Amino acid sequence: RKEVEQDPGPFNVPEGATVAFNCTYSNSASQSFFWYRQDCRKEPKLLMSVYSSGNEDGRFTAQLNRASQYISLLIRDSKLSDSATYLCVVPRGFGNEKLTFGTGTRLTIIP
Amino acid sequence: DAGVIQSPRHEVTEMGQEVTLRCKPISGHNSLFWYRQTMMRGLELLIYFNNNVPIDDSGMPEDRFSAKMPNASFSTLKIQPSEPRDSAVYFCASSFSKGETQYFGPGTRLLVL
């Protein structure tokens, strides 16, 4: 299994719909996880951190399933501004300084 | 507040030339990271510093790559000699301390002809 694996998409979703992405990871010792967002030709920016079973921030919900080693990101009531690439990020080792980034899932919200 | 600053934003050079990328981390941040992003390999950590000291350079692809951090507000990533396969976007990121959220700069787009 790859360190971090994501469905590359693209996901083309109508505005207002709900969309979910999954990410699998290989390091069973990882304790914390992150979702970063990267707009076209821009730098990655932290969207959410996931430290336990899940985390919710407005329209965004991140869930963690340690037994199956996957993380999911759910976006409800999607907006045009949600169009971006979403990167699943898993730390290597015990600290959070060495991060392994997935190759990203590309999302396009259609008006 | 200024974020992470990188220069140049774009660089086009010919194979064999030396390339120097520059980064100024966010003031007060003690950890600095250099990443490379390509379509094929995604975002890869090259090296990171903590308190100006290189901690892990296992991601540096080969001896042609070197990085320095002479002080808390400046770091360089040098490629000598450059090759076409080095073409990528190079990001610098900084964090307040080890394990804290990493903030990325806008990146340097490097094209080696």
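The values are calculated or read from the model by the stated rules, or taken from the named source; none is laboratory data. Everything numeric in this text was worked out from a predicted model, so none of it was measured. When we count neighbours, we look across all protein chains shown, and the Cβ atoms used for this are built from the backbone with ideal geometry, even at glycine. The accessibility values were calculated without ligands, DNA or RNA, using every heavy atom of the protein model including side chains. Shrake-Rupley method; radii C 1.70, N 1.55, O 1.52, S 1.80 Å.
GNM remark for chain B: springs join alpha carbons under 10 Å apart, and the peak mean-square fluctuation among B:Arg85, B:Arg41, B:Arg64 falls on B:Arg41. The simple spin-label model puts a point 7 Å past each Cα toward its Cβ; for A:Glu3 and A:Ser53 those points are separated by 3.0 nm.
Residue by residue, segment B:12-19 carries 3J(HN,Hα) couplings of 10, 9, 9, 3, x, 7, 8, 10 Hz when phi is fed to the Karplus relation 6.51 cos²θ - 1.76 cosθ + 1.60 (θ = phi - 60°); x denotes Gly or Pro. Note on the protein assembly as shown: with neighbouring protein chains present and a 1.4 Å probe, carbon and sulfur make up 49 percent of its accessible heavy-atom surface. Going down the list A:Lys45/A:Lys98; A:Lys42/B:Lys98; B:Lys24/B:Lys98; B:Lys78/B:Lys98, which pairs span over 20 Å between their C-alpha atoms? Checking Cα-Cα distances, A:Lys42/B:Lys98; B:Lys78/B:Lys98 exceed 20 Å. Per residue, segment A:19-111 exposes 46 Å² of solvent-accessible protein surface, assessed with a 1.4 angstrom probe and all protein chains in place.
Here A:Thr18 and B:Glu44 are evaluated by their C-beta separation; at R0 = 25 Å the FRET efficiency comes out at 0.20. Mean separation of Cα pairs under 8 Å and 6 or more residues apart, divided by the residue count, gives chain B a relative contact order of 37 percent. Chains A and B together bury some 1500 Å² of accessible area, summed over both sides, with a 1.4 Å probe. Placing B:Arg9, A:Arg106, A:Arg76 in order of accessible area, with the largest value first and a 1.4 Å probe, yields A:Arg106, B:Arg9, A:Arg76. Within straight-line reach of A:Lys2, meaning a Cα separation under 18 Å, sit the following aspartates and glutamates at least 8 residues removed in sequence or on another chain: B:Glu44.
Here the contact order of chain A, divided by its residue count and restricted to Cα pairs under 8 Å and six or more residues apart, works out to 37 percent. Legend: residues in segment A:29-59 shielded by at least 50 square angstrom of accessible surface upon adding the remaining protein chains to the isolated chain (1.4 Å probe, heavy atoms) are A:Arg41, A:Glu43, A:Pro44.
Each other residue within a Cβ distance under 13 Å of B:Glu14 adds +1 if Lys or Arg and -1 if Asp or Glu, for a net charge of -4. Each Lys or Arg adds one and each Asp or Glu subtracts one; over the other residues with Cβ under 15 Å from the Cβ of A:Pro8, this totals +1. Shielding by partners for peptide B:50-56, expressed as the average number of C-beta atoms from other protein chains within 10 Å of each residue's C-beta, is 1. Taking the chain by itself as reference, segment A:65-99 contains these residues with an accessible-area loss of 30 Å² or more in the full protein complex (1.4 Å probe, heavy atoms): A:Asn96, A:Glu97, A:Lys98, A:Leu99.
Counting only heavy atoms of protein chains, what accessible area per residue, in Å², does chain B have with a probe of 1.4 Å? Averaged over the residues of chain B, the accessible area is 50 Å².
Couplings 3J(HN,Hα) for segment A:47-62, derived from phi with the Karplus relation 6.51 cos²θ - 1.76 cosθ + 1.60 (θ = phi - 60°), are 9, 8, 10, 10, 10, 10, 6, x, 7, 10, 9, x, 7, 9, 10, 10 Hz, where x marks Gly and Pro. Counts of other chain beta carbons within 10 angstrom of each beta carbon in peptide A:100-107 average 3.
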